[in-house]
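S.K.: One structure follows; several queries about it will come next.
Every number here is computed from the coordinates shown, using simple stated rules; none is lab data. Predicted model, so just to flag it, every value in this text is computed and none were measured. Glycine gets a Cβ as well: all are built from the backbone with ideal geometry, and neighbour counts include every protein chain shown.
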Amino acid sequence: MAHTAQLLETLEQAEADLAASLTTVTGTVRIAVFQSAALALMPDALTRMASSYPEVRIEMTQREPETALHETWARDFDLVIAEQYPGHAAPRYAELDRLRLTSDAIRLAVPPRGPGRPAITSFRIPPSWRG
C-alpha cells in the first residue's frame, strides 16, 4: 500500500508540474551582444524580463557581431544583438530572422577650423551606405 500511495503522490506532482509548464515561461535564453548594446540596452531589458518572466534565466555573452551571428546560426545562442553600419554589413544567414531595434546617427568629428584646416562644408554619403 505504501508503494501505491507514493506512486500516486509522484503522479499528482508530475501532473501539477505539467500543468504549471503550460502556463509558466521557463528555461534559459542565451544572448550574444556587443559591448555598447550590453551597456545601453540590456539593463532595462534584463529588469523587464526578471519582472515579467522570473523563471527564465538569461545568459548574456559579449561577442562581436560577425562571430555572434555565426554562433547563433550554429545554435550556440538563441538571440544576437548586433550592429550594422552602412557599407559594412554583417553576414546574412537565411535561417535567422532580423528585426531592427533602433538606429543611431553616424557623426563625423573633425578638429576645429583654423589656419591650414579648412572647414568641411559637405559630406556625401555613398548610395551603397544608405540602408
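S.K.: So for the chain, averaging the separation of alpha carbon pairs under 8 Å that are six or more residues apart and normalising by length, what relative contact order in percent results? Intermediate values should be presented prior to the final figure.
M.R.: On the way: 105 pairs, mean separation 30.2, N = 131.
Once divided by the residue count of the chain, the mean separation gives 23 percent.
S.K.: Once you place label points 7 Å from the Cα toward the Cβ at ASP104 and GLU12, how far apart are they in nm?
M.R.: Distance between label points: 5.7 nm.
S.K.: Right, next: Could you give the length gained by full extension between SER52 and ASP97, i.e. 0.36 nm per residue of separation minus their alpha carbon distance, to one decimal place?
M.R.: Working: separation 45, 0.36 × 45 = 16.20 nm, distance 2.37 nm.
Between SER52 and ASP97, full extension yields an extra 13.8 nm.
S.K.: Then there's this: Explain nothing, just the number: relative contact order of the stretch 60-117, from Cα pairs under 8 Å at least 6 residues apart, as a whole percent.
M.R.: Details: 25 pairs, mean separation 15.6, N = 58.
Across the stretch 60-117, relative contact order equals 27 percent.
S.K.: Set the Förster radius R0 to 30 Å, insert the Cβ-Cβ distance between ASP78 and THR4 as r into 1/(1 + (r/R0)^6), and round the FRET efficiency to 0.05.
M.R.: 0.10
S.K.: Only one of the values (i) 111; (ii) 166; (iii) 120 was calculated from this structure for volume of the Cα convex hull per residue in Å³; name its label.
M.R.: (ii)
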